[in-house]
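For reference, the structure is listed below as structure tokens.
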Amino acid sequence: SSRIQTSGESEKTIERKLNDAEESLAEPTQTDEVIHHVEQGDDVGEVEPPPVLPGEEKPIHFHEDGEHNLEYDHKAFLGDEAEAFKHLTPEESKERLASILVQVDTDTDGLVSVQELTAWIKLTGERSVQRRTEIFWERSNPELRPELSWDEYRARQYGFLTDLRDRNAEGRWVGEDDVDSDTLKVYRKLEERDRRRWTVADRNKNTLLNKDEFLAFLHPEAVPYMTDVLVTETMADLDKDGDGKLNLKEYVLNVFGDTQKVEEWDTAGIQFRQFRDFNKDGFIDKKELQAWLLPTDYDQNKAEAEHLVYESDQNGDKLLSKAEAMDRYSIFVASQATNFGEDLHHHHDEL
């Protein structure tokens, strides 16, 4: 994650100074968890999801203990509107869900098919990308000029890095003497990353970004011509020894974390050799990372639609009626009741 953890009273002040920069870096992207099931009898079981994109924070579909995380489904079905449902009563959530299902049912036959749900989830993702772009465009370009320069964007997002008025003679921020230099180094690195991404997003090479190019800058996963820079950024994040490729150790670190479990290393080794290292040279190169990060043979929206139908379809016809969706409404939307249950679960885990 790109977020920096600090301690004590300084955290609030740092958060105030860095809020805009952090928000733009931490916006969720549209590439989410991908699970490739292999044939029965294979000891691998499932192939791991692709790596988290640079700056991405996303809900996990299934926790390590196998528990289903409903927030993932809510985000896929509702996009940025998912959070608002947490404040509604169950009755209000059901009422709004019923209204949404009317929109999903494009052929108006009273049933929602996988195809209709797939199209809805895809549209929801696109709307979320457009909405975030509008928010950050207005925040970065208050005058709403047709194009925005890097200097203007940088002044708003990273100006604090060179603003000497907020720093003392030793180079520390005034009033923040406990902020170490490593914190600033991380943000300088993020600034360099954004500068490179800005250059790629600038298709007409006039050093300015219009709103469409700004969307590509914020959401490179949503624009085909940004694929290479997205893969390059991800490689830089995962490649700990800086050799431009991923070895088995770096692969394991991304998939399982800093694990010492023999079974996890064994599983990762099989996945690495069988599904990731296509040319069998012992490494994952950029081309192989792209295949892992952005698989061409997998429709994430369709997979989520199939999952939602499977979880809610009671008569086995692979279609959703309004009654079936209402009966399992918590799969699609949150409410005060489901949110309260999640809070109780987290509280129990902390005890």
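The values are calculated or read from the model by the stated rules, or taken from the named source; none is laboratory data. Here the structure is a predicted model, which is why all the values come from computation and not from measurement. Cβ atoms come from the backbone with ideal geometry, glycine included; neighbour counts cover every protein chain shown. Note: accessible area is taken over every heavy atom of the protein model, side chains too, but ligands, DNA and RNA are not part of it. Shrake-Rupley method; radii C 1.70, N 1.55, O 1.52, S 1.80 Å.
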key: Cβ-Cβ under 9 Å pairs, at least 6 apart or on other chains, the stretch 262-277 side part of a helix (DSSP H, G or I) and of a type in the set (Lys, Arg), far side at pLDDT 90 or above and open to solvent by 60 Å² or more (accessible area, probe 1.4 Å)   = 273/280
task = Being among the aliphatic types (A, V, I, L, M), touching a residue at least 40 places away in the same chain (Cβ under 8 Å) and over 14 Å from residue 215 (Cα atoms) is the filter here, so list the residues in the stretch 120-155 that pass it.
result = 121
inquiry  = Can you say whether residue 134 is in a helix (DSSP H, G or I) and among the charged types (D, E, K, R), as far as the supplied structure shows?
reply    = yes
key: residue 145, sole failed condition from (1) modelled with pLDDT under 95; (2) outside any helix (DSSP H, G or I); (3) more than 23 Å from residue 183 (Cβ to Cβ)   = (1)
request  = Scan the stretch 91-131 for residues that are surrounded by 14 or more Cβ atoms within 10 Å (Cβ to Cβ) and outside any helix (DSSP H, G or I) and jot them down.
outcome  = 105, 111, 112, 113
inquiry  = Take the conditions under 30 Å from residue 225 (Cα atoms) and either modelled with pLDDT under 90 or under 20 Å from the mean Cα position of the chain (by Cα) (or both) and apply them to residue 255. Does it pass?
reply    = yes
Where residue 280 falls short, out of the listed (1) assigned to a helix (DSSP H, G or I); (2) farther than 18 Å from residue 294 by Cα = (1)
inquiry  = Going through 259, 232, 227 one at a time, which residue ends up being surrounded by fewer than 16 Cβ atoms within 10 Å (Cβ to Cβ) and touching a residue at least 40 places away in the same chain (Cβ under 8 Å)?
reply    = 227
message = Can you pull out every residue in the stretch 119-165 that is within 21 Å of residue 191 (Cα to Cα) and basic (Lys, Arg)?
response = 132, 139, 154, 156, 165
note = Within the stretch 231-254, residues hydrophobic (A, V, I, L, M, F, W, C) and out of contact with any Ser or Thr (no Cβ under 9 Å at 6 or more places or on another chain) come out as 231, 235, 236, 238, 246, 248
inquiry  = Cβ-Cβ under 9 Å, sequence separation 6+ or interchain: first residue in the stretch 91-111 and within 14 Å of residue 332 (Cβ to Cβ), partner assigned to a loop (DSSP other than H, G, I, E, B) and β-branched (Val, Ile, Thr). Which pairs?
reply    = 93/333; 94/333; 96/333; 97/333; 100/333; 102/108
